[in-house]
Amino acid sequence: MKFSSSRTRQIALAYLFLLPAFVIIGLFQVYPMIQAFLFSFTDFSPLNPETSFIGLANFVELVQDPAFWLALKNTLLYLIVVPVIIVLSISLSLLVEPKIPFINFFRAGYYVPVVTMMVVVALVWKEIFNTDYGVLNYVLKKLGAIEEGIPWLTREHIALFTIMTVTIWKGLGYYMVMFIVGLRAISPDMLEAALIDGASRWQTLLHVKIPALWPTITLVSILSSISALQVFEEIFIMTSGQIGTATLVYEIYKKGFSMAYGGGMEMGYACAMGVVLFALVFGFSFFTVRTMGQYHTTGEN
Amino acid sequence: MQSGDKTLANLALAGKYAVLLLLLAVFIGPFLWMVSIALRGSGSIYTFRLIPENPTLQNFADTWRIFGFAQAFFNSTIVAFAVVFLNVFLCSLTAYPLARLKFPGSEIIFFLILSTMMIPFQLYMIPLFLTCTKMGLYDSLIGVILPGSVAAFGIFLIKQHYHTIPKDLEEAARIDGAGEFAIWWRIMFPLTKPAVAALAIFIFVANWSNFIWPLIILDSQEKYTLPLAVAKLSGAFIDKTQYIAAGATIAVAPVIILFFFLQRFFIGGLTLGAVKG
């Protein structure tokens with residue numbers, strides 16, 4: 001009898017510990033998540049006097065909305081950053097992994113963009129990429145590489161790629177450190193065996209290091225594709241979503257909140273776009289784990 | 001032959017440092033350029049010198065006093081410290097029973113907490129905005145702080161850390177008649193300091209830099225955090241580049257300085273980021 005009452009007390013106590021987090025997560029995460037899915041089937045807007053359930057009408061409207069297709073295209077196009085990030089951050093980690101004098105200083109330097117806020121990073125690069133007054137075009141002109149300034153951020157089909165370079169530049173240090181951790185975990189015996197077998201550096205990289213790094217590569221693919229699909233701040237600061245650079249999150253923000261550039265507080269519609277974003281993020285993570293995880297196991301056999 | 005090899009090795013090493021320095025310029029250069037623009041006097045905006053001709057701190061003073069950066073700096077400090085404090089306290093509190101107390105539903109609860117990390121914030125920011133508005137949190141710093149006050153990955157991290165602590169300590173305390181709350185606060189919490197420090201730094205940087213949520217939930221300029229203040233300045237003074245650069249420098253200086261002193265914890269916090277994604 002005493003046992004069971006102390007057991008009840010312990011359960012009650014455990015839930016008491018959990019209570020504050022329950023309230024906060026429930027109120028500020030779970031409840032809005034459920035609402036987001038519900039809203040996507042309504043025409044909810046703070047400007048509407050009443051809200052009605054409209055079934056799949058938002059999604060039908062999405063399919064017919066050229067702005068949505070452009071945003072979806074740009075969001076998927078943005079995934080180009082993933083392989084670029086993987087190749088560059090592995091190269092960077094191979095360069096700074098060996099312990100040579102001052103190497104910590106260089107590593108720390110490469111990490112600075114990671115800890116710097118994107119708003120500032122985007123503004124600084126916007127200045128550098130300025131067609132007429134930017135330092136990049138100035139240097140290129142001085143070197144004689146170009147005669148007229150390149151419209152980095154002011155011409156369609158160029159602007160989105162320019163912004164991608166900023167995303168890549170800011171993230172490299174972060175992924176570099178993950179690969180350094182991965183490289184450190186490779187057993188020295190394996191590297192030594194490769195050396196004894198007379199493997200060249202390139203062969204060692206291809207047949208020993210890359211396979212050993214595969215779990216890290218998978219993780220980096222997932223993390224960088226999730227953040228690529230959610231890109232927003234760079235776009236907001238550097239082009240305000242103009243010049244054909246709007247992405248899904250930018251459209252969600254514009255349709256949901258902004259009154260500028262044709263946005264109009266259409267929150268139900270914006271939530272429908274949010275559902276598409278969620279499906280993309282979930283789908284890509286699942287796809288990456290499936291395909292890359294698979295390769296890893298067959299690679300080991 | 002021997003010395004020839006050595007020369008070759010030295011040459012290779014010199015080449016390597018040249019590459020390292022070039023890369024350093026690529027990663028740090030834009031920030032130096034930003035500071036350089038911020039130091040320029042009004043007469044020399046469109047010159048391309050890294051060291052300005054007549055450097056002045058006037059832009060910093062103007063941005064700080066006239067364009068509200070003193071207020072924004074204060075707001076950012078309040079927000080970042082409050083979110084860090086709440087996360088450290090609440091994540092530890094929540095992780096303790098999940099790691100140490102046996103009760104029905106503990107595994108399902110942990111799974112549910114983790115699965116909230118799979119949902120992108122941008123999916124539910126609109127309903128979250130409405131909830132906060134209904135609670136009267138629109139255009140208030142509390143509205144910026146509260147929704148981020150318990151990070152699921154923080155709970156995960158601290159829970160993993162609790163598992164590494166031997167149970168003898170708490171058993172001894174329990175036999176001495178200490179309550180569970182005392183055991184958590186006096187024994188377990190102090191033992192997780194390294195994980196807590198990494199979590200604190202990660203949360204600090206993330207919230208110091210957070211943009212989209214303050215952008216949505218704040219309205220009046222005196223409530224702005226630094227990222228909003230910088231963005232606003234860039235919208236208002238397209239031609240006053242040196243003000244934007246000064247504001248941007250003020251906004252990032254604390255984190256960069258902190259980074260150079262606490263590098264170890266920043267990199268330690270990296271694994272948190274991996275979990276968070």
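The values are calculated or read from the model by the stated rules, or taken from the named source; none is laboratory data. Quantities reported herein were computed from a predicted structural model and do not represent experimental measurements. Cβ atoms come from the backbone with ideal geometry, glycine included; neighbour counts cover every protein chain shown.
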Within the range B:67-119, track down each residue that is within 30 Å of A:Leu229 (Cβ to Cβ) and among the hydroxyl-bearing types (Ser, Thr, Tyr). B:Ser76, B:Thr94, B:Ser115, B:Thr116
Mind listing whichever residues of the range A:86-145 are among the polar types (S, T, N, Q), free of Cβ contacts under 8 Å to residues at least 60 places away in the same chain and over 24 Å from A:Val231 (Cα atoms)? A:Ser91, A:Asn104, A:Asn137
Regarding the range B:242-259, can at least one residue be identified that is within 17 Å of the chain's Cα centre (by Cα), surrounded by 15 or more Cβ atoms within 10 Å (Cβ to Cβ), in the same structural domain as B:Ile119 (by TED's automatic domain parsing) and among the polar types (S, T, N, Q)? yes
Name the helices (runs of 4 or more DSSP H) wholly inside the range B:224-277 in which the number of residues that are closer than 15 Å to A:Val121 by Cα and at pLDDT below 95 is 1 or more. B:226-236, B:241-261
Examine the range B:84-101 for a residue that is out of contact with any helix residue (DSSP H, G or I) (no Cβ under 8 Å at 6 or more places or on another chain) and either surrounded by 15 or more Cβ atoms within 10 Å (Cβ to Cβ) or modelled with pLDDT of 95 or more (or both), and state whether such a residue exists. yes
Single match in B:Asn59, B:Asn54 (criterion: surrounded by fewer than 16 Cβ atoms within 10 Å (Cβ to Cβ), more than 13 Å from chain A (Cβ to nearest Cβ) and closer than 30 Å to B:Thr241 by Cα): B:Asn54
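Okay, residues lined up against (1) outside any helix (DSSP H, G or I); (2) more than 9 Å from chain B (Cβ to nearest Cβ); (3) out of contact with any Asp or Glu (no Cβ under 7 Å at 6 or more places or on another chain):
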| residue | (1), (2), (3) |
| --- | --- |
| A:Val139 | no, no, yes |
| A:Thr154 | yes, yes, yes |
| A:Leu191 | no, yes, yes |
| A:Ala194 | no, yes, yes |
Selection status of A:Val30, surrounded by 14 or more Cβ atoms within 10 Å (Cβ to Cβ), over 20 Å from A:Lys255 (Cβ atoms) and more than 9 Å from chain B (Cβ to nearest Cβ): no
Can you name the residue in the range B:1-31 that is at pLDDT below 95 and among the aliphatic types (A, V, I, L, M) and, of all such residues, is surrounded by the most Cβ atoms within 10 Å (Cβ to Cβ)? B:Leu13
Say whether the condition of being out of contact with any strand residue (DSSP E or B) (no Cβ under 6 Å at 6 or more places or on another chain), farther than 20 Å from B:Ile158 by Cβ and assigned to a loop (DSSP other than H, G, I, E, B) is met by at least one residue in the range B:75-98. no
Could you tell me whether A:Ala272 is over 22 Å from B:Pro227 (Cβ atoms) and surrounded by fewer than 18 Cβ atoms within 10 Å (Cβ to Cβ)? no
Does any residue of the range B:207-226 turn out to be free of Cβ contacts under 8 Å to residues at least 60 places away in the same chain, of a type outside the set (S, T, N, Q), farther than 28 Å from B:Leu262 by Cα and in the same structural domain as B:Leu101 (by TED's automatic domain parsing)? yes
From the set of residues in the range A:98-121 that are part of a helix (DSSP H, G or I) and aromatic (Phe, Trp, Tyr), which is surrounded by the fewest Cβ atoms within 10 Å (Cβ to Cβ)? A:Phe105
Applying the selection to the range B:99-111, what residues are under 15 Å from A:Ile25 (Cβ atoms) and at the interface with chain A (Cβ under 8 Å from one of its Cβ atoms)? B:Ile109
Quick one: in the range A:268-289, of everything that is of a type outside the set (A, V, I, L, M) and over 16 Å from B:Phe129 (Cα atoms), which residue is nearest to the other protein chains (Cβ to nearest Cβ)? A:Phe278
How many residues are assigned to a helix (DSSP H, G or I) and crowded, with 18+ Cβ neighbours inside 10 Å if we restrict to the range B:132-153? 10
Considering only residues that are assigned to a loop (DSSP other than H, G, I, E, B) and free of Cβ contacts under 8 Å to residues at least 60 places away in the same chain, which ones fall in the range B:51-68? B:Ile51, B:Pro52, B:Glu53, B:Asn54, B:Pro55, B:Thr56, B:Leu57, B:Ile66
Restricting the search to the range A:45-72, which residues are in a helix (DSSP H, G or I) and polar (S, T, N, Q)? A:Asn58
